[in-house]
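Have a look at the structure below, then the notes.
The values are calculated or read from the model by the stated rules, or taken from the named source; none is laboratory data. Computed from a prediction, not measured in an experiment: that's the story for all the values here. Because the Cβ atoms are built from the backbone with ideal geometry, glycine has one as well, and the counts that use them run over all protein chains shown. Areas reflect the complete protein model, heavy atoms only, side chains present, ligands, DNA and RNA absent. Shrake-Rupley method; radii C 1.70, N 1.55, O 1.52, S 1.80 Å.
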Amino acid sequence: MTKPSKNPADDIIYISLMDLQNQTDKNIAPKTLPIWVRYMELILNGTRHAGNVQLTSNLTIITSQADIMYLQQVVEYLEETPASHIEAYLWLSTIEELVLHTSSAMRLLHSEYMRVAIGTEGSTPRSLYCANGVNSLFGMAVSYVLADEEFTRDKLPRVERMLSDIRRSFDRLVKSTSWMDAATKRRTIQKSAEMKSFIGFPSWLRNASVLNAYYEGAEVNVSTHLENLMDFVHWQMMEKLNEMDKPEPIGWATSPSNVNAFHTFQSNAITVPIAILQYPFYDLGLEALNYGSIGTILGHELTHGFDDSGRRFDRFGNMVEWWSNQTIDEYINRTECFVEQYSRYHLADIDEYIDGELTLGENIADNGGMREAFYAYRLYVKEVGRERAKLPGLEHYSHEQLFFISFGNLWCETYTPAASRYALSDSHCPGQMRLRGVLSNSEEFARTFKCPTGSAMNPSQPKCRIW
Ligand SMILES: [Zn+2]
């Protein structure tokens with residue numbers, strides 16, 4: 001059995017519906033379970049592609065070796081399982097999806113089930129759950145209230161300046177590396193220069209008629225909550241399927257109300273919603289604190305374009321080789337240092353170790369992002385001037401020390417054992433490890449806080465570093 005690669009980009013394949021059918025019949029040969037054409041017909045039902053036999057039979061699917069192996073097992077299972085069991089499973093999945101939208105008694109049962117099954121404590125209040133649902137389905141509509149002119153006038157230019165400082169310091173770090181050849185450096189800097197950024201909210205959001213057109217066809221009725229949910233998801237899917245034969249437009253990866261930031265490899269773009277551009281990530285009163293917080297997040301997103309997955313996509317977002325072989329070898333060598341470092345981190349509460357390979361891309365982004373933001377702050381000070389204000393109560397800290405304190409504050413969190421177990425399968429490490437990993441790799445941190453060599457945060461073994 002071939003081991004599927006940990007890096008999803010490694011084993012992406014394009015396959016016709018016919019070949020997929022042949023592949024998934026493998027485990028049950030000489031029998032066959034012809035499902036894929038029928039499945040696509042059902043999926044496309046109601047779209048403008050419905051009944052287009054030519055299109056359906058010529059479809060190419062993007063999948064992976066790992067997914068095909070999974071589908072082979074699914075087909076094997078479907079073939080030997082009574083239809084009534086499969087139907088029961090489908091209904092159970094439906095209930096699981098919808099149960100939190102039903103009665104309080106059902107919600108209590110579900111929370112009891114989760115407690116027994118995975119050890120979670122308590123549950124999200126219905127008001128919060130519903131608000132989250134509205135935000136995730138109607139994000140752009142919710143964001144309408146956030147889209148104010150003041151942001152565009154005051155904050156946007158400041159955030160753009162910060163991003164430009166970060167890009168400049170990334171470029172400098174690339175130029176100063178010893179392991180990249182000149183041509184690869186040039187192409188890397190070109191990709192960073194052409195990386196698009198979506199910051200705050202799309203300008204059309206302030207135009208109510210454009211916003212209404214955006215949701216045209218989606219119907220909501222005040223007395224039919226469950227139908228609203230299902231109809232909306234259906235409408236959303238229809239919109240996507242109708243456009244499936246066109247290139248995906250380059251645009252916002254999320255709605256502006258999302259407290260997060262994103263990198264999209266296929267568009268060479270980052271999205272920084274207005275919701276994360278506020279306290280406690282931004283508006284911290286000192287640029288030292290802002291660069292240590294949102295600055296490191298901007299750096300993180302930029303660096304994703306050059307992590308172990310992102311480096312495979314060129315400046316147009318196409319997955320082609322655009323680095324020299326020697327630089328790729330040097331890069332992989334350096335990533336191994338990170339894999340080993342993070343795999344040594346132990347979660348004492350559940351006695352498990354971090355998966356250094358699963359978290360590699362995020363760790364590369366964290367390490368690069370922090371260093372870029374640190375030098376970006378120096379650029380800021382050089383060009384705008386030293387900040388005079390001190391932080392009340394913490395006057396004895398320098399501004400560069402405050403930068404790191406702000407970075408530390410970003411990842412301050414606590415976990416129950418159930419949450420720790422859940423976090424193990426996430427591509428991000430728990431905050432404590434993100435902090436330890438980045439700071440113990442940072443010469444800049446060790447110098448700023450005068451950590452002696454061999455101390456916990458400045459270990460004597462070689463530091464992992466790509467940029
Ligand atoms: Zn990330």
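Note that segment 218-290 shows a convex hull volume over its alpha carbon atoms of 123 Å³ per residue. Stokes-Einstein diffusion of segment 250-340 at 20 °C, 1.002 mPa s viscosity, Kirkwood radius from Cα pairs, rounded to a whole number: 145 µm²/s.
Size descriptor for the chain, Kirkwood hydrodynamic radius: 25.5 Å (Cα pairs only, one decimal).
Averaging the sequence gap over all C-alpha pairs within less than 8 Å and six or more residues apart, then dividing by the number of residues, gives the chain a relative contact order of 14 percent. Projected onto its three principal axes, the C-alpha set of segment 334-467 covers 46, 32, 26 Å, listed from the longest axis down. Size of segment 71-110 from its Cα atoms: along the principal axes, largest to smallest, the extents are 39, 19, 12 Å. How high is the relative contact order of segment 1-80? Use alpha-carbon pairs under 8 Å, at least six apart in sequence, and give a whole percent. Normalised by residue count, the contact order of segment 1-80 is 48 percent.
On a per residue basis, segment 1-80 carries 67 Å² of accessible surface, using protein heavy atoms and a 1.4 Å probe. The value given for segment 1-80 is a Kirkwood hydrodynamic radius of 13.7 Å, derived from the mean inverse Cα-Cα separation.
Applying a 4.7 Å Cβ-Cβ cutoff to the chain leaves 130, 412, 429, 451 as cysteine residues with no disulfide-compatible partner. Note on the chain: with neighbouring protein chains present and a 1.4 Å probe, carbon and sulfur make up 55 percent of its accessible heavy-atom surface. Here's how it looks for residue 200: its modeled amide H is under 5 Å from those of 272, 274, which are all 5 or more places away or on a different chain.
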